[in-house]
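The values are calculated or read from the model by the stated rules, or taken from the named source; none is laboratory data. Because the structure is a prediction, the values reported are computed rather than measured. All Cβ positions, even for glycine, are placed from backbone atoms using ideal geometry, and neighbour counts span all protein chains on display.
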Amino acid sequence: MDAFAVLTAATTAKKSSQSYLPMLVILALFGLVWYFFLRPRRKAMMEQQRQGSQFQVGDEVMTVGGLIGTVVATDGDRITLRTGGADGLTGGAEMTFIRQAIKGKPPAPKVVEPVGDAEAPGAADEEPGGAS
């Protein structure tokens, strides 16, 4: 019986020392998921909230849906935008959004410059000498 008790005690000691390993692996995986996925999302959300509180009347902003307009009024958590019109201030439609729906300043328009010689369309398709 003494041999059985010693064998049981040794087996129990091995199992208890190994039982911490799966829990440590799970905790390490949770820490990695938090660090690489949850933390950056939270920082981006806080940055968007910070930007949303800085809009003034006359600022040009873009909504999360891609609508670009000019701020004409702010009232607590609501922002009224005017869209359309030649200069963004006259004509167009006014719409009210909650601050969380405002993404930020719109990106600057890209200017595309022509590359190479600007020839008339179809000029490159004609053969020299007039043979068709």
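Identify the single condition in (1) at pLDDT below 80; (2) surrounded by 13 or more Cβ atoms within 10 Å (Cβ to Cβ) that PRO121 does not satisfy, given that it satisfies every other one.
(2)
Quick check, is GLY52 among the small types (Gly, Ala, Ser), at pLDDT 65 or above and within 25 Å of the chain's Cα centre (by Cα)?
Taking the combined requirement at face value, the residue does not satisfy it.
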